[in-house]
Amino acid sequence: TTALADPTRADAVAALGEVTGHVALQSMHRRMQSDATGRRILQDRPLVDNASIDIDHLAQTLPPNTFGHQYATFMKGHGFDPDGRAAIRFIADPDLAYIMLRYRQCHDFWHTLTGLPPTVLGELALKWLEVIQTGLPVAALSATVGSLRLSAEERRILNEVYLPWAVRVGQNSEYLLNVYYEEEFEADIEELRARLRIEEVPVV
């Protein structure tokens, strides 16, 4: 219940996602296997952690318009650490376990691309996008129950702005797990958004 009451509690959300996500993970696996980049990700199994990604290097060496610089700025600005995502504990199948880990570790990439802030309202908007893209039950549960914590004005913004946006992006964008984000750090972020058909979240 902690995960449902507070969608910013990454540890509780992670555990709930693992024990409820088997069918959705199988579907995610099929979608990745059907795509050339998705297959390469499953083969390479890249990790989003401090051993693989140097946040300071991205921030200091890449131009401000690049995805890598914007990602590093997001991480440093909010005091986030690539090592902060919980390890997989409850999924036995190694392929499905990696897909859940990849989903979890791509979260901040998606914040960067969409422009969603890491607030309760922003997390709920991202959860709705994830529901449409992945079908994971934990995303649906967090998105639904977590909205009960919002004020009336926040609920209005979610329903009138963020939810329609999430539906549009979720349906129209590329399958976001089939993107090799680590190879896109030098890309212009607006060009990357256009290529992936990601509409930046409206300013409210």
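The values are calculated or read from the model by the stated rules, or taken from the named source; none is laboratory data. Predicted, not measured: the structure shown is a model, and the values here were computed from it. Here Cβ is always computed from backbone atoms with ideal geometry, including for glycine, and neighbour counts include all displayed protein chains. Calculation scope for accessible area: heavy atoms of the full protein, side chains included, ligands and nucleic acids excluded. Shrake-Rupley method; radii C 1.70, N 1.55, O 1.52, S 1.80 Å.
Can you find a residue that is exposed (fewer than 15 other Cβ atoms within 10 Å of the Cβ), in contact (Cβ under 8 Å) with a residue 60 or more places away in the chain and part of a helix (DSSP H, G or I) anywhere in the range 183-192?
yes
Mind checking whether some residue in the range 129-148 is open to solvent by 20 Å² or more (accessible area, probe 1.4 Å), in a loop (DSSP other than H, G, I, E, B) and hydroxyl-bearing (S, T, Y)?
no
Among the residues of the range 97-104, is there at least one that is farther than 28 Å from L62 by Cα, modelled with pLDDT of 95 or more and open to solvent by less than 10 Å² (accessible area, probe 1.4 Å)?
The answer is yes, given that some residue of the range 97-104 is farther than 28 Å from L62 by Cα, modelled with pLDDT of 95 or more and open to solvent by less than 10 Å² (accessible area, probe 1.4 Å).
Residues being open to solvent by less than 10 Å² (accessible area, probe 1.4 Å) and in a helix (DSSP H, G or I): count how many of those fall in the range 25-75.
10
Based on this model, can you work out whether R156 counts as over 30 Å from Q43 (Cβ atoms), open to solvent by 30 Å² or more (accessible area, probe 1.4 Å) and more than 12 Å from the chain's Cα centre (by Cα)?
Answer is yes for this residue.
Among the listed residues L113, L163, identify the single one that is in a helix (DSSP H, G or I) and under 21 Å from T66 (Cβ atoms).
Just one listed residue meets the conditions, L113.
Within the bounds of the range 113-127, is there any residue that is under 17 Å from M32 (Cα atoms) and without any contact (Cβ under 8 Å) to a residue 12 or more places away in the chain?
no
Buried (at least 17 other Cβ atoms within 10 Å of the Cβ), of a type in the set (A, V, I, L, M, F, W, C) and at pLDDT 95 or above, is that true of V179?
Yes, satisfied.
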